[in-house]
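Here the structure is laid out as structure tokens; the discussion comes afterwards.
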Amino acid sequence: MCFQVPGLCMDGICLVISPLLALMNDQVVNLRKKGIKANAVNSAMSAREIDRVLDNCVYGDEKFLYVSPERLQNEMFLERFRKMKIGLIAVDEAHCISQWGYDFRPDYLKIVDLRALKPEVPILALTASATPAVVQDIQQKLNFRKELVLGSSFARANLSYNVSLQEDKENKILEICRKMKGSGIVYCSSRLRTRELASLLSKRGVPALAYNAGMSNIEREHAFRRWMNNEVRLMCATNAFGMGIDKPDVRFVIHADVPANPESYFQEAGRAGRDGQKAYAVLLYNDADPEKLFKQIDQRYPSKEFIRKVYKCIGNFLQLAPGAGLEIAYPFPLTEFVRNFSLNYTETIYALQLLELGGYVRVSDIAFLPSRIVFRMRKQDLYSYQVANPSLDGFIKIILRMYGGVFEQFTNIRESDMAKNARMTIPEVVEKLKMLKHQQVLDYVQQTDIPVITFLTGRMHEDSLIIAPDIYEIRLKRDIERAEAIRKYLTHQRCRSIQLLEYFGEKHTSPCGICDVCREKSKQGLTPVEYEEMSNAVMDIVMNQSVTMEELPAALPKFSAEHLIEFTRWKIDQGELELDDKLFLNVPGLENE
């Protein structure tokens, strides 16, 4: 809505910059279904395919062009960009431009170069999870002429946030799923856990499916469609599941494992209740989880020696000579790579991410691209070819009947559908398409479902790699701060909504009244507002003077003595207050801080 509607209203093309190949492809498909001309360019496409798409944007009537940020430095793209009539530049997932953000992408820093080429074109930056520092950074990095931020509150009045300490998470998840109605998502930290939980829940009467990046595209698509169509109500998924979900009636989101940062949690939990109806976000943790957060950070930052080793192994795997490979995309089957060099899979993933942040390589996300074709011959030449090749005439006619627009641009096809119409096997269809490609009748690109890696500098000697502080040490420090914010969210008995809103820079907010903390407070005969007022008053007294529990009513006469004592005991039980050896009230850890 934020960029497609104004893009349609403005003259020229709306250029959309997005890091997510799968989301780009989904949006292009949906726009085309509405009769709107849209296309995408990414590193998984052939040079001829990219060339044709860009030509259509210069000389045709395309309305939307989606590109990945790494495309912006490609000379083929820049040459055509100069000739395009651009009405709007939309930067999706704009927090990726900020090194203060949780998902920084170096290629995003190059977006500003487009402004110098077309300074009159307005630019729109969109993000759903940015702190004030990130919002400020986005505007600076994109050279906003003046500060202009449009946004609404992060508050979700219909969404009840809940945190629960549970040693037996599986039974708690089962209990929640049986109690709740409607669709739900259970987020897990690993692929194995999604499969195990889905199997366990299904066996115990709650039909569930798994969804993770380790599944084939067909498996993921099948699971997704069944869930979207309410054939099964529960999806157990990694964070690979979520972007672009258009399902408003999700009634609950459960986190079986603690997320790494508040931004990820807010986005994932926020997929519940988008229809405005009451919904629940439940975060489960056990005593070991807070410490596990910090151990996971150690995993995300393997040693610099290991990072250099991975870089060297990539060059050997692709058989690149020193200096070779610059800006060439290579298929990169990750599992085979790790197995060939006896590398730790998880550490290798994070090493690749750090190499990408350092500007040495680029690894595309795993995105399924269907098979696609475009005719190279003009219609009159194709007719002559059909007359001269009667054995292929019927097959070509089937293509023309099934797919429109195959003379103008690459068109997605399904070999299985063609085989059914032509009464052939899928291998026979593939063979005929390859034959037509060989004879330069058409271009045929077969489906892909593997990552692609690109050397951004040409292969270097691994000892020459510089892992800069802003890529390693500074990011490590920020990740620790985010983990600390999540730990506080788990353990502090303050309104959950207030905690999240304050993290994203919203001050002076009122308690939501529907989270687990607010509901617990209401059991003590206090409204959330009264509870917050009492909490602030007690904490202020305790931090600024020595006082016992019995002395509190005299120090705070505006509150009921009975409520005050009961409230203070509850605070002690929750670990937010403690008594020293002289029975004075203290805030735990305050002296250390």
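The values are calculated or read from the model by the stated rules, or taken from the named source; none is laboratory data. Just so you know, these numbers come straight off a predicted model, no measurement behind them. Positions of Cβ are generated from backbone atoms using ideal geometry, with glycine treated the same way; all protein chains shown enter the neighbour counts.
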Q: Among the helices (runs of 4 or more DSSP H) lying completely within segment 257-360, list those that include at least 2 residues that are closer than 30 Å to His492 by Cβ and in contact with a strand residue (DSSP E or B) (Cβ under 7 Å, 6 or more places away or on another chain).
A: 262-269
Q: Find all pairs meeting these conditions: Cβ atoms under 7 angstrom apart; at least six residues apart or on different chains; first residue within segment 101-125 and modelled with pLDDT of 90 or more and in a loop (DSSP other than H, G, I, E, B); second residue among the hydroxyl-bearing types (Ser, Thr, Tyr) and surrounded by fewer than 17 Cβ atoms within 10 Å (Cβ to Cβ).
A: none
Q. Do we find a residue being under 30 Å from Ala324 (Cα atoms) and assigned to a helix (DSSP H, G or I) anywhere in segment 437-446?
A. yes
Q) Which members of segment 424-449 meet the condition of being buried (at least 17 other Cβ atoms within 10 Å of the Cβ) and at pLDDT 90 or above? A) Met424, Val429, Val430, Lys432, Leu433, Leu436, Val441, Leu442, Asp443, Tyr444
**Q.** Residues of segment 165-203 classified as assigned to a helix (DSSP H, G or I) and surrounded by fewer than 15 Cβ atoms within 10 Å (Cβ to Cβ), total
**A.** 7
Q. Looking at this structure, is Phe332 within 22 Å of Glu70 (Cα to Cα), within 23 Å of the chain's Cα centre (by Cα) and either at pLDDT below 95 or surrounded by fewer than 18 Cβ atoms within 10 Å (Cβ to Cβ) (or both)?
A. yes
Q: Collect the residues in segment 233-287 that are buried (at least 17 other Cβ atoms within 10 Å of the Cβ) and among the small types (Gly, Ala, Ser), keeping them in residue-number order.
A: Ala237, Ala240, Gly242, Ala256, Ala260, Ser264, Ala269, Gly270, Ala272, Gly273, Ala279, Ala281
Q: Can you give me the ranges of the helices (runs of 4 or more DSSP H) entirely in segment 450-542 with at least 3 residues that are at pLDDT 85 or above and buried (at least 19 other Cβ atoms within 10 Å of the Cβ)?
A: 473-491, 496-503
Q: Scan Glu551, Glu576 and give me the residue that is free of Cβ contacts under 8 Å to residues at least 40 places away in the same chain, among the charged types (D, E, K, R) and surrounded by 12 or more Cβ atoms within 10 Å (Cβ to Cβ).
A: Glu551
Q | Verdict on Asn30 being at pLDDT 90 or above, outside any loop (DSSP other than H, G, I, E, B) and either more than 24 Å from Glu356 (Cβ to Cβ) or over 26 Å from the mean Cα position of the chain (by Cα) (or both) | A | no
Q) Is it true that Gly60 is at pLDDT below 90, farther than 25 Å from Val452 by Cβ and either surrounded by fewer than 22 Cβ atoms within 10 Å (Cβ to Cβ) or not assigned by TED's automatic domain parsing to the domain that holds Asp246 (or both)? A) yes
